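Structure first, then comments.
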Amino acid sequence: MAHLRLRRRRALLAAPLGLALTASLGFLPGAASAAPSAGVPAKAAVTTDGPLLSYVVNIKPGAPTTGLVKRSIERAGGTIVVSYDKIGVIVAHSKNPHFAETLRLVPGVASAGATRTAPLRSAATTDYGKPEKLKLTKEGALAAARDAAAGKEPLEGLQWDLGAIGADKAAKINPGSRKVTVAVIDTGVDDTHPDLAPNFAADKSASCVTGKADTSPGAWRPHDPAKDYHGTHVAGTIAAARNGVGVAGVAPGAKVSAIKVSTPDDNAFFYAESVVCAFVFAADHGAGVTNNSYYVDPWMFNCPDHADQKAIADAVGRAARYAQDKGVVNVAAAGNSNFDLASKEIADASSPNDSKPLPRKIDPKVCLDVPSQLPGVITVSATGVRGEKSFYSSYGLNSVDVAAPGGDILQVPELPAKDGRILSTMPGGDWAYLQGTSMASPHVAGVAALLKSAHPKSSPQEIQWLMKAQANNPGCPTAAYDPDGTGKWKATCAGTEHVNGFYGFGIVDALAAVRD
């Protein structure tokens, strides 16, 4: 199911375990044009017997060679889907197996590459495991009734995560401004859910699946609600309304929008052209924060010495930077593979994930997880109810910025919660438990919305540093980290009590965000 690939690291859900997501990056250096040329000759012989693939062609914004590049795309057998001239990214389709290498020789082209290894079809997340829908026992129903009678949301007693970051207390001081919108870049959102409808911003929502924004009514909703639930769950954690129904979000007074980027097939891939479209759309339509609980398919890490991967990281980096320059705070999940992102080497056995994986070893300081390791993006690791790193969460000194509740079935809360995962909204008016860095990231996006509400004139950099300064760091564990005693999830925490690999600057604090 597409959204669960949202990082193969996706959110860890229900009964099983799950995966999560992200880090931060920026622009990669552009590749120099290989050789002077007048572009592709008008009568050049073009082969079009290859699979139909999607490409990104990256050029200098506003360069005098822009017209030449666009003509060269067509002469090389390509069709332009959309051109984001403000950031110099062109999305094109072609059956020419030599399309990318041909375009790299055109003057003004910094990088060009295929965004996938499988042919185009009629997208990946970071939750770990499958969702488990809420089934209230008699005891749970009585607890829900008590919560409702006490002025809380009926299911708030099952949301241990809100109390863990002071979000329940923060809501009484400042629940978030209606002027702040968090764009959920994901599998789509069911805006008809009673917990989401009051705070949903349809005018800031779209489908970017093709690489070009579709704002027709409902285009932002899940392709298949039964499988594409990931974005709806994320949205509830951010801004489920305090309206006497179900659960509450971290910023229940803020707005939430949906930008769908996952493909409609069973695997739900998140390709570069869709994510580029999403960042640009969010920035141009007034979003204050984006949540990114996925990694860009098909490569878990994008290496600069691979032309296609370089083009993907360049294109998405440009789009993320464009959003940041327009005041958007970008938040992303660190991933659910228990990788040390600060290590010298990582074994990536899943890339490319849309065709046949080619196991490889990569240097995570060079080969980046996009968008989580892009410059300026807030990278989030996950914690459980005891405040310990979630067993699946990736980590890394100077790679993770902050931590937040993502759930952990190995860390069990006191009654009435009983479940160590994160309870949130599901399509069709349901609620379910999930776990993953996919669930941690929206907690941070919600805190970012609270900070934007309290400090509306602050830049994304200022918001990030406020968040880090307010965070509470448990410090590295004193005993060896081996949460289930099997050795499968062992990890080593490096750093100090103030900044370390498990928590970055610490677990975010929603109450401090509205007090300071």
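The values are calculated or read from the model by the stated rules, or taken from the named source; none is laboratory data. Note that the structure is predicted; figures quoted are calculated from it, not measured. Don't worry about glycine lacking a Cβ; one is built from the backbone with ideal geometry, like all the others, and counts go over all protein chains shown. These area figures cover heavy atoms from the full protein model, side chains too; ligands, DNA and RNA do not enter into them. Shrake-Rupley method; radii C 1.70, N 1.55, O 1.52, S 1.80 Å.
Observations on the model:
- In the set Thr66, Thr79, Thr102, only one residue is open to solvent by 60 Å² or more (accessible area, probe 1.4 Å) and among the β-branched types (Val, Ile, Thr); that residue is Thr79.
- Inter-residue pairs, beta-carbon under 8 Å, first closer than 26 Å to Thr492 by Cα and in region 459-478, second modelled with pLDDT under 95 and open to solvent by 20 Å² or more (accessible area, probe 1.4 Å), 6+ apart: Gln470/Asp516
- For region 283-295, a residue qualifies if it is under 15 Å from the mean Cα position of the chain (by Cα) and farther than 9 Å from Val182 by Cα, and the qualifying residues are Asn292, Ser293, Tyr294, Tyr295.
- Of all residues assigned to region 415-431, at least one qualifies as being of a type in the set (Ser, Thr, Tyr) and assigned to a strand (DSSP E or B).
- Counted residues, region 161-179 - those being within 23 Å of the chain's Cα centre (by Cα) and open to solvent by less than 30 Å² (accessible area, probe 1.4 Å): 5
- Among residues of region 375-404, those that are in a loop (DSSP other than H, G, I, E, B) and either over 14 Å from Asn338 (Cβ atoms) or open to solvent by 10 Å² or more (accessible area, probe 1.4 Å) (or both), counted: 11
- In the set (1) in contact with a helix residue (DSSP H, G or I) (Cβ under 7 Å, 6 or more places away or on another chain); (2) surrounded by fewer than 24 Cβ atoms within 10 Å (Cβ to Cβ); (3) not basic (Lys, Arg), Val276 fails one condition alone, (2).
- Residues located in region 432-466, provided they are among the hydrophobic types (A, V, I, L, M, F, W, C) and in contact with a strand residue (DSSP E or B) (Cβ under 6 Å, 6 or more places away or on another chain): Ala432, Leu434, Met439, Ala440, Val444, Ala445, Ala448, Ala449, Ile463
- Restricting the first member to region 90-114 and to residues that are more than 24 Å from Ala213 (Cα to Cα), and the second to residues that are assigned to a helix (DSSP H, G or I) and polar (S, T, N, Q), the beta-carbon pairs closer than 6 Å and six or more apart or on different chains are Val106/Ser72.
- Hits in region 53-79 (condition: part of a loop (DSSP other than H, G, I, E, B) and at pLDDT 95 or above): Ala76, Gly77
- Residue check for Leu341: open to solvent by 20 Å² or more (accessible area, probe 1.4 Å), among the hydrophobic types (A, V, I, L, M, F, W, C) and either touching a Cys at 6+ places or on another chain (Cβ under 7 Å) or more than 19 Å from Ala213 (Cβ to Cβ) (or both): no
- Scope region 181-199; condition among the β-branched types (Val, Ile, Thr) and assigned to a loop (DSSP other than H, G, I, E, B); matching residues: Thr187, Val189, Thr192
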